[in-house]
Amino acid sequence: MPFGYPVMLEVRERRCVVIGGGTIGEGKVRGLLDAGAHVTVIDPEPTSGLTDLAGEGRVTLVLRSYRPGDLKGAFVAIAATDDGAVNARAFDEAGAEGVLFNAVDDPRFCEFSVPSILRRGDLMLTLSTGGKSPALAKALRKKLDRQFGEEYGELVDLLAQIRQEAMPFREVGFDEWASRWESALTDDLAGLVREGRHEQVREQVHAALRGEKGRGKVWIVGAGPGDPGLITIKGRQALDAADVVVHDRLVDQSLVEGKNAIYAGKTRGGDSARQEEINATLIRLALEGRNVVRLKGGDPFVFGRGSEEAEALMEAGIEFTVIPAPTSAIAALAAAGIPVTDRRFSSSVAIVTGHGGGPRPVDFKALAGTIETIVVLMGLNNLKEISDGLMAGGLSPRTPAAIIQNGTLPNQRVVVTDVEGLEREAGGAGLGSPSIVVVGGVVTLRERLIKEI
């Protein structure tokens, strides 16, 4: 593997040369300046950004093409040109002068690769493909840029202060000290910094370093409608900080792979965890000092019993946070090309359960005359009752309807029919759970929209 041994170079106060003053060269220059290097740029027509840096005294500009001798005294040199002959001559000079050399996108003349870098204060994340695909490393860095905000730089500084404050009171061996630090960092400290709660971070970390085991916290997190990419950034951050994940049946397994996970799914007519047992598990884990994510399909407060769990945690004195997510009642329809509202067809939506749960059964007869878009969750086994109720309420048997199975997933299936044909078409297509039923004129838009999606 090329460039298989990762190292970090100290370039502070050292001479570094960049050959080529275009946009790519300017990017390399700025990275070197961030690391404290003395940078010389060689190019007859540098970018305006480099000209401004030179005017500020931050770089030295040599307004001509590269010549042998330009690398004398340099520690690192980077060629950001598309001229292979220049790269070859500079590479030979670098070898003779003992200068580390890299030619951008020309691995023939590279002794090292420059990783894609994300800086947050003194925190630096680097991504490298060994020089094989710099574009991929750059694309991944952009993803990390959204995940790791400026609060991580603040967190590094805060943890450095806490480390110095705690050192005089250290009375345990190295292994125990390392274990306490690991315990201290399992909480979402960056989230606390983001909210300006610096003193809470200080108190929590100091308590962990003293070996004090307080209560954990529970995040009630929506996993979204199926596609694991639809979980929110906050939800992903909570997962990353969790000691244990208690998850439902419809959660994509990629979200819990490699984690300490407890299954708490429910199935119609099958073995299911009782809600009281789930509540007790969340409380027990938090009292043990664990940070727990309760991961639920869709949104935790849309037929997800998240409010029952939140109530139980509150009564037990356990701190919790609810992190919403796209509900399948809306997102699965969108993935199927069916909007829940459209001013030509619908200005009202009802999201109802189809399995008869709740304080009283859903009155489909009443819905038929008042709501223009009706979305039914968990209704696959009661399609006849749903159809009969809607038609008894005056809804035309020809009213457009659709059933969406595995919404947002690669194996998503959509059956378009009408109210009268719901049960017949679902049976003929062999649809299974999880499926969502939608009734209303908005279903007709699928034929137009799905071609454009």
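Read the figures in this text as sums done on the coordinates, not as results from a lab. Note that this is a predicted model, so its numbers are computed, not measured. Cβ: placed from backbone, ideal geometry, glycine included. Neighbour counts: every protein chain shown.
Under the 0.36 nm per residue contour assumption, what length would be gained going from the current alpha-carbon distance of residue 355 and residue 167 to full extension?
Extending this stretch completely gives an extra 61.8 nm.
Could you work out the pair-distance distribution P(r) of the chain from its alpha-carbon pairs, with 20 angstrom bin width and percents rounded to whole numbers?
Reading upward from the zero bin: 20, 36, 31, 13, 1.
Per 10 Å bin, what is the whole-percent P(r) computed from every C-alpha pair distance within segment 375-438?
Histogram of Cα-Cα distances, whole percents per bin: 24, 58, 17, 2.
Could you sort out which of 142/259; 138/234; 28/138; 143/217; 28/132 sit more than 21 Å apart by Cα distance in this structure?
142/259; 138/234; 143/217
Calculate the all-directions average of the projected area of segment 15-114's alpha-carbon convex hull, and give it in nm².
5.5 nm²
Can you pull a Stokes-Einstein diffusion coefficient for segment 154-243 at 37 °C (0.692 mPa s), Rh from Kirkwood over Cα pairs, as a whole number of µm²/s?
The diffusion coefficient I find is 227 µm²/s.
Given 20 °C and 1.002 mPa s, how large is the Stokes-Einstein diffusion coefficient of segment 323-375 in µm²/s, with Rh as the Kirkwood radius over Cα pairs?
172 µm²/s
What translational diffusion coefficient, in µm²/s and rounded to a whole number, does the Stokes-Einstein relation yield for segment 329-449 at 4 °C and a viscosity of 1.567 mPa s, taking the hydrodynamic radius as the Kirkwood radius over Cα pairs?
Numbers: Rh = 14.0 Å.
The calculation lands on 93 µm²/s.
Would you list 263, 5 from fewest to most Cβ contacts within 10 Å?
5, 263
Provide 278, 19, 318 in ascending order of the number of other Cβ atoms located within 10 Å of each residue's Cβ, fewest first.
Ranking 278, 19, 318 by Cβ neighbours within 10 Å, fewest first, gives 318, 278, 19.
Taking the number of other C-beta atoms within 10 Å as the exposure measure, put 148, 364, 109 in order starting with the fewest.
148, 109, 364
Tell me, what is the Rg over Rh of segment 106-209, with Rh the Kirkwood radius over Cα pairs?
1.12
If you average the alpha carbon positions of segment 158-188 and of segment 385-436, how far apart do those two centres end up, in angstrom?
Centre-to-centre (Cα) distance: 57 Å.
Across all directions of projection, what mean area in square nanometres is found for the Cα convex hull of segment 215-326?
Seen from a random direction, the Cα hull of segment 215-326 projects 6.2 nm² on average.
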